[in-house]
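Novice: Below is a structure I'd like to ask you about.
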Amino acid sequence: MPDNFKDRIAAYTARVNQGLDDALPPASCNPARLHDAMRYSVLNGGKRVRPLLTYATGECLGVDVELLDTPAVAIELIHAFSLVHDDLPAMDNDDLRRGKPTVHKQYDEATAILAADALQPLAFSRLASLENAPDGAAIQLVRLITQACGSTGMTGGQSIDLAAEGAVLSAAELEHMYALKTGALIHAAILSACLLRTDLPSADFDALDRFGSRIGIAFQIKDDILDVEGETAVIGKPVGSDASLNKATYPALFGMDASRSRCDELLAGAITELASFGKSAAPLEWLARFIVARGQ
Ligand code: GRG
């Protein structure tokens, strides 16, 4: 593999895409429309940032890449599930995702709901079938990832987000919502690689935990910034949809300058957490910088 993490991204992306393709039932398998919609929702693009964070953390900690494939695939399946639900008329009612029609537009609403419903158990069945891992790792991964997507993680964050439309939140309240809605799964992508190193010193775990918290919130603030000043052709969804839904976002509540400075502050804090890992954390630093610079 190339020395530079940026040049290894294509190989990691191909690796997770292959894992996703293998995990998903063929579109020809009955019920074919459901399986076709599941494949469309997962394989229709996407940056694969969460799997890349798992691979980069694994590189940082010297975890065998073959062990990282299963959590990387499972987390991306859950991410795809969340995007399908997020786009539904009852949620953000979006027509475009990754530059293509959203799943309920391409198929129909019932198929989109069912496709998303089927992606989540698929993710957990992959985790439960994890092979050659340290004793207890599969169950720990299931616990980590169920917590990240449950009512005290992503689903809870989405609920707060929907309830907050038109509301005035403090920065702490807004960041709490971001930590759940978006940060929890990003955080879990990092911690899943940590769970595969059973001898990891707790100080190292804690540093990566704090790195994950910061970068997860920065990811959502950057997403908000792109919703204001991005280009549809680059971000793959309409610009300005947060404002049209009267969403409580960082730019809406605190302005664009404060949003950019908070992103930079979170990035700097996240990078500080990597100091004790030396050069082995270069891939994580690269990804953290990418998360904050993307779309520019
Ligand atoms: C999935 C358990 C579960 C519940 C659903 C709908 C929902 C509850 C949560 C929505 C969470 C959500 C969609 C948050 C937004 C996160 C976000 C900024 C997504 C965009 O991620 P990118 O930019 O997308 O990584 P790509 O297309 O690159 O994969």
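Novice: List every residue pair whose Cβ atoms sit under 6 Å apart, with the two residues 6 or more apart in sequence or on different chains, where the first one lies in the range 218-232 and is within 10 Å of the ligand (Cβ to nearest atom) and the second, anywhere, is among the acidic types (D, E) and modelled with pLDDT under 95.
Specialist: D227/D242
Novice: Hey, among A123, A80, A74, which residue is among the aliphatic types (A, V, I, L, M), under 29 Å from A270 (Cβ atoms) and in contact with a Lys or Arg (Cβ under 6 Å, 6 or more places away or on another chain)?
Specialist: Going through A123, A80, A74 in turn, the sole match is A74.
Novice: Can you confirm whether P101 is at pLDDT 95 or above and of a type outside the set (A, V, I, L, M)?
Specialist: yes
Novice: Which residue out of A184, A163, A171 is small (G, A, S) and either touching a residue at least 40 places away in the same chain (Cβ under 8 Å) or more than 20 Å from A248 (Cβ to Cβ) (or both)?
Specialist: A171
Novice: So, of the residues in the range 164-210 that are among the β-branched types (V, I, T) and more than 16 Å from the ligand (Cβ to nearest atom), which turns out to be surrounded by the fewest Cβ atoms within 10 Å (Cβ to Cβ)? Show your work before the answer.
Specialist: Here is the first cut: in the range 164-210, the residues among the β-branched types (V, I, T) are 168, 182, 186, 190, 198.
In the following step, the residues that additionally are more than 16 Å from the ligand (Cβ to nearest atom) were identified as 168, 198.
Numbers: V168: 10, T198: 12.
Per the criteria, the residue is V168.
Novice: Mind listing whichever residues of the range 193-208 are hydrophobic (A, V, I, L, M, F, W, C) and not in a helix (DSSP H, G or I)?
Specialist: L196, L200
Novice: Just name the residue that is nearest to the ligand (Cβ to nearest atom) out of those in the range 33-84 that are over 25 Å from T111 (Cα atoms) and of a type in the set (S, T, Y).
Specialist: Out of the qualifying residues, it is T54.
Novice: Here's something else I'd like to know. Which one of the conditions (1) out of contact with any Gly (no Cβ under 6 Å at 6 or more places or on another chain); (2) farther than 17 Å from L191 by Cβ; (3) touching a residue at least 12 places away in the same chain (Cβ under 8 Å) does G99 fail to meet, given that it meets all the rest?
Specialist: Among (1) out of contact with any Gly (no Cβ under 6 Å at 6 or more places or on another chain); (2) farther than 17 Å from L191 by Cβ; (3) touching a residue at least 12 places away in the same chain (Cβ under 8 Å), G99 violates only (1).
Novice: Kindly provide the set of residues from the range 266-296 that are part of a loop (DSSP other than H, G, I, E, B), surrounded by fewer than 21 Cβ atoms within 10 Å (Cβ to Cβ) and touching a residue at least 40 places away in the same chain (Cβ under 8 Å), ordered by number. Please lay out each step first, then the result.
Specialist: Step one: of the range 266-296, the residues part of a loop (DSSP other than H, G, I, E, B) are 273-274, 294-296.
Applying the additional criterion that residues be surrounded by fewer than 21 Cβ atoms within 10 Å (Cβ to Cβ) yields 274, 294-296.
Once the filter is applied, which keeps residues that are part of a loop (DSSP other than H, G, I, E, B), surrounded by fewer than 21 Cβ atoms within 10 Å (Cβ to Cβ) and touching a residue at least 40 places away in the same chain (Cβ under 8 Å), the range 266-296 yields L274, R294, G295.
Novice: Filter the range 132-163 down to residues that are part of a loop (DSSP other than H, G, I, E, B) and out of contact with any helix residue (DSSP H, G or I) (no Cβ under 8 Å at 6 or more places or on another chain) and give me whichever is nearest to the ligand (Cβ to nearest atom).
Specialist: It comes out as G136.
The values are calculated or read from the model by the stated rules, or taken from the named source; none is laboratory data. Just so we're clear, the structure is a prediction, and the values are computed from it rather than from any experiment. Cβ sites come from the backbone with ideal geometry, for glycine too, and all protein chains shown count toward neighbours.
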